[in-house]
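Structure first, then comments.
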Amino acid sequence: MISTSTLGLPGLSIPAQGSQVATVRLLSLWQPWATLVAIGAKTIETRSWQTPYRGKIAIHASLNTPAEQRALCYSDPFFKPLYHHVRPQFEAGASQQGNAIYRMLPKGCIVATCDLIDCWQVSGTPKPYYGPYLGYDAHGGNKVWTVPPPEPELNFGNYAPGRWAWILDNIKPLAEPLPWKGAQGLRAIQWPENISGEGA
(Lines give C-alpha, C1' and ligand atoms only; values in the text may rest on other atoms or scores of the structure.)
Protein backbone atom coordinates (compact mmCIF):
# COMPACT_ATOMS: atom_id res chain seq x y z
CA MET A 1 0.00 0.00 0.00
CA ILE A 2 1.10 3.59 -0.59
CA SER A 3 1.63 5.45 2.66
CA THR A 4 1.06 9.16 2.15
CA SER A 5 -1.31 9.92 4.99
CA THR A 6 -2.00 13.58 5.69
CA LEU A 7 -5.76 13.34 5.93
CA GLY A 8 -6.80 9.97 7.34
CA LEU A 9 -10.13 9.77 5.52
CA PRO A 10 -11.86 6.39 5.52
CA GLY A 11 -12.67 5.04 2.09
CA LEU A 12 -10.56 3.87 -0.82
CA SER A 13 -7.32 1.94 -0.66
CA ILE A 14 -4.73 2.32 -3.40
CA PRO A 15 -3.46 -1.01 -4.77
CA ALA A 16 0.24 -1.65 -5.25
CA GLN A 17 1.96 -0.71 -8.48
CA GLY A 18 1.41 -3.23 -11.24
CA SER A 19 -2.35 -3.43 -10.76
CA GLN A 20 -4.60 -3.10 -13.79
CA VAL A 21 -5.37 0.52 -14.57
CA ALA A 22 -8.14 2.46 -16.26
CA THR A 23 -8.17 5.93 -17.75
CA VAL A 24 -10.05 8.44 -15.61
CA ARG A 25 -10.06 12.23 -15.53
CA LEU A 26 -8.29 14.44 -12.99
CA LEU A 27 -10.11 17.54 -11.69
CA SER A 28 -8.02 19.96 -9.61
CA LEU A 29 -9.78 22.07 -6.98
CA TRP A 30 -8.45 24.62 -4.53
CA GLN A 31 -8.81 23.88 -0.87
CA PRO A 32 -11.16 23.85 0.95
CA TRP A 33 -13.37 22.75 -1.98
CA ALA A 34 -11.45 19.53 -2.64
CA THR A 35 -11.95 18.40 0.95
CA LEU A 36 -15.61 19.47 0.91
CA VAL A 37 -16.12 17.10 -2.02
CA ALA A 38 -14.18 14.31 -0.31
CA ILE A 39 -16.29 14.49 2.86
CA GLY A 40 -19.57 14.68 0.91
CA ALA A 41 -20.44 18.27 1.84
CA LYS A 42 -20.14 19.36 -1.81
CA THR A 43 -21.83 17.17 -4.43
CA ILE A 44 -21.99 19.71 -7.24
CA GLU A 45 -19.00 21.42 -8.82
CA THR A 46 -19.71 24.64 -10.73
CA ARG A 47 -17.81 25.73 -13.83
CA SER A 48 -18.17 28.29 -16.59
CA TRP A 49 -17.96 25.46 -19.10
CA GLN A 50 -19.49 22.04 -19.63
CA THR A 51 -17.88 18.78 -20.71
CA PRO A 52 -19.19 15.81 -22.68
CA TYR A 53 -17.20 13.49 -20.41
CA ARG A 54 -19.18 11.18 -18.13
CA GLY A 55 -17.44 8.76 -15.83
CA LYS A 56 -14.92 8.48 -13.01
CA ILE A 57 -13.07 11.57 -11.82
CA ALA A 58 -10.15 11.83 -9.42
CA ILE A 59 -10.55 14.88 -7.17
CA HIS A 60 -7.19 16.61 -6.79
CA ALA A 61 -6.38 19.21 -4.12
CA SER A 62 -4.24 21.94 -5.67
CA LEU A 63 -0.86 22.64 -4.12
CA ASN A 64 -1.56 26.35 -3.62
CA THR A 65 -4.69 28.34 -2.77
CA PRO A 66 -5.10 32.15 -2.85
CA ALA A 67 -5.26 33.82 0.57
CA GLU A 68 -8.87 34.94 0.05
CA GLN A 69 -9.99 31.35 -0.44
CA ARG A 70 -7.90 30.08 2.48
CA ALA A 71 -9.72 32.54 4.75
CA LEU A 72 -13.04 30.87 3.93
CA CYS A 73 -12.01 27.91 6.12
CA TYR A 74 -12.74 30.07 9.17
CA SER A 75 -16.15 31.44 8.20
CA ASP A 76 -19.57 29.83 7.98
CA PRO A 77 -20.73 27.68 6.32
CA PHE A 78 -17.22 26.37 5.51
CA PHE A 79 -15.95 26.26 9.10
CA LYS A 80 -18.40 23.73 10.57
CA PRO A 81 -17.85 20.76 8.20
CA LEU A 82 -14.11 21.41 7.98
CA TYR A 83 -13.66 21.68 11.74
CA HIS A 84 -15.73 18.53 12.27
CA HIS A 85 -13.43 16.78 9.82
CA VAL A 86 -10.10 17.89 11.36
CA ARG A 87 -11.29 17.80 14.98
CA PRO A 88 -9.72 14.38 15.68
CA GLN A 89 -6.36 15.89 14.77
CA PHE A 90 -6.90 18.71 17.24
CA GLU A 91 -7.85 16.23 19.93
CA ALA A 92 -4.70 14.27 19.13
CA GLY A 93 -2.64 17.33 20.01
CA ALA A 94 -2.22 18.98 16.62
CA SER A 95 -1.41 22.67 16.37
CA GLN A 96 -4.04 25.11 17.67
CA GLN A 97 -2.73 28.07 15.66
CA GLY A 98 -5.25 30.25 13.89
CA ASN A 99 -4.51 28.86 10.43
CA ALA A 100 -4.40 25.25 11.58
CA ILE A 101 -7.53 24.09 9.72
CA TYR A 102 -6.22 25.12 6.32
CA ARG A 103 -2.77 23.73 7.07
CA MET A 104 -4.30 20.35 7.96
CA LEU A 105 -6.01 20.02 4.57
CA PRO A 106 -4.03 17.95 2.05
CA LYS A 107 -2.49 19.71 -0.92
CA GLY A 108 -0.85 18.54 -4.11
CA CYS A 109 -2.61 15.17 -4.00
CA ILE A 110 -5.69 13.20 -4.99
CA VAL A 111 -8.18 13.02 -2.10
CA ALA A 112 -11.22 11.26 -3.56
CA THR A 113 -12.85 9.72 -6.60
CA CYS A 114 -16.40 10.21 -7.84
CA ASP A 115 -18.56 9.83 -10.92
CA LEU A 116 -19.41 12.83 -13.06
CA ILE A 117 -22.90 11.84 -14.15
CA ASP A 118 -24.08 15.00 -15.91
CA CYS A 119 -23.61 18.73 -16.52
CA TRP A 120 -26.68 20.89 -16.04
CA GLN A 121 -26.90 24.57 -16.91
CA VAL A 122 -27.90 26.79 -14.01
CA SER A 123 -31.09 28.84 -14.33
CA GLY A 124 -32.45 31.49 -12.01
CA THR A 125 -34.88 29.12 -10.28
CA PRO A 126 -33.91 26.01 -8.27
CA LYS A 127 -34.97 22.84 -10.10
CA PRO A 128 -34.84 19.19 -9.05
CA TYR A 129 -32.38 17.05 -10.96
CA TYR A 130 -32.79 13.27 -10.85
CA GLY A 131 -29.77 12.35 -12.94
CA PRO A 132 -29.59 10.16 -16.05
CA TYR A 133 -30.82 7.20 -14.01
CA LEU A 134 -33.18 6.55 -11.11
CA GLY A 135 -30.88 6.47 -8.09
CA TYR A 136 -31.66 6.02 -4.42
CA ASP A 137 -30.20 7.63 -1.35
CA ALA A 138 -28.98 5.83 1.76
CA HIS A 139 -32.52 5.85 3.20
CA GLY A 140 -34.12 4.26 0.14
CA GLY A 141 -35.64 7.47 -1.16
CA ASN A 142 -35.20 8.91 -4.63
CA LYS A 143 -31.78 10.40 -5.17
CA VAL A 144 -32.17 14.00 -6.24
CA TRP A 145 -29.97 17.05 -6.59
CA THR A 146 -31.40 20.58 -6.60
CA VAL A 147 -29.71 23.10 -8.87
CA PRO A 148 -28.94 25.54 -7.37
CA PRO A 149 -28.79 23.54 -4.11
CA PRO A 150 -30.04 24.75 -0.73
CA GLU A 151 -27.76 26.03 2.01
CA PRO A 152 -25.10 25.30 2.98
CA GLU A 153 -23.93 23.78 -0.32
CA LEU A 154 -25.18 26.83 -2.20
CA ASN A 155 -22.18 28.69 -0.79
CA PHE A 156 -19.72 26.07 -2.01
CA GLY A 157 -20.13 27.01 -5.67
CA ASN A 158 -20.93 29.84 -8.09
CA TYR A 159 -24.50 29.29 -9.26
CA ALA A 160 -24.88 32.36 -11.41
CA PRO A 161 -27.39 31.74 -14.26
CA GLY A 162 -25.67 30.39 -17.35
CA ARG A 163 -22.93 28.55 -15.48
CA TRP A 164 -22.74 24.76 -15.38
CA ALA A 165 -23.43 22.42 -12.47
CA TRP A 166 -21.35 19.26 -12.62
CA ILE A 167 -23.34 16.56 -10.81
CA LEU A 168 -21.10 14.28 -8.71
CA ASP A 169 -22.15 10.87 -7.43
CA ASN A 170 -20.50 7.87 -5.74
CA ILE A 171 -18.01 10.08 -3.92
CA LYS A 172 -15.35 7.96 -2.20
CA PRO A 173 -12.55 9.56 -0.17
CA LEU A 174 -9.13 7.96 -0.34
CA ALA A 175 -7.93 6.30 2.83
CA GLU A 176 -4.62 8.08 2.23
CA PRO A 177 -4.16 11.06 -0.12
CA LEU A 178 -2.08 10.22 -3.18
CA PRO A 179 0.56 12.83 -4.22
CA TRP A 180 -0.12 13.89 -7.80
CA LYS A 181 0.61 16.83 -10.05
CA GLY A 182 -2.44 18.97 -10.78
CA ALA A 183 -3.65 20.25 -14.12
CA GLN A 184 -6.17 22.65 -15.59
CA GLY A 185 -9.31 21.30 -17.20
CA LEU A 186 -9.96 17.56 -17.18
CA ARG A 187 -6.74 15.63 -17.76
CA ALA A 188 -6.76 11.89 -18.49
CA ILE A 189 -4.71 9.84 -16.02
CA GLN A 190 -4.13 6.13 -15.38
CA TRP A 191 -5.93 4.81 -12.28
CA PRO A 192 -6.03 1.30 -10.71
CA GLU A 193 -9.18 -0.60 -11.72
CA ASN A 194 -9.39 -2.69 -8.53
CA ILE A 195 -9.71 0.10 -6.00
CA SER A 196 -12.10 -0.64 -3.15
CA GLY A 197 -13.70 1.42 -0.45
CA GLU A 198 -16.77 2.13 1.63
CA GLY A 199 -19.90 1.72 -0.40
CA ALA A 200 -18.12 -0.36 -3.06
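The values are calculated or read from the model by the stated rules, or taken from the named source; none is laboratory data. As the structure is a prediction and not an experimental result, all values here were calculated from the model. Don't worry about glycine lacking a Cβ; one is built from the backbone with ideal geometry, like all the others, and counts go over all protein chains shown.
Listed by position, the strands (runs of 3 or more DSSP E) inside segment 86-200 whose residues that are in contact with a strand residue (DSSP E or B) (Cβ under 7 Å, 6 or more places away or on another chain) and modelled with pLDDT of 90 or more number at least 1 are 109-121, 164-179, 186-192. As a summary of the residue check, Ser75 satisfies the conditions (1) at pLDDT 80 or above; (2) surrounded by 14 or more Cβ atoms within 10 Å (Cβ to Cβ) except for the one numbered (2).
Restricting segment 59-71 to residues that are among the aliphatic types (A, V, I, L, M) and at pLDDT below 95 leaves a set whose member that is farthest from Gly157 (Cα to Cα) is Leu63.
Does segment 143-182 hold any residues that are free of Cβ contacts under 8 Å to residues at least 60 places away in the same chain and among the polar types (S, T, N, Q), and which are they?
Thr146, Asn170
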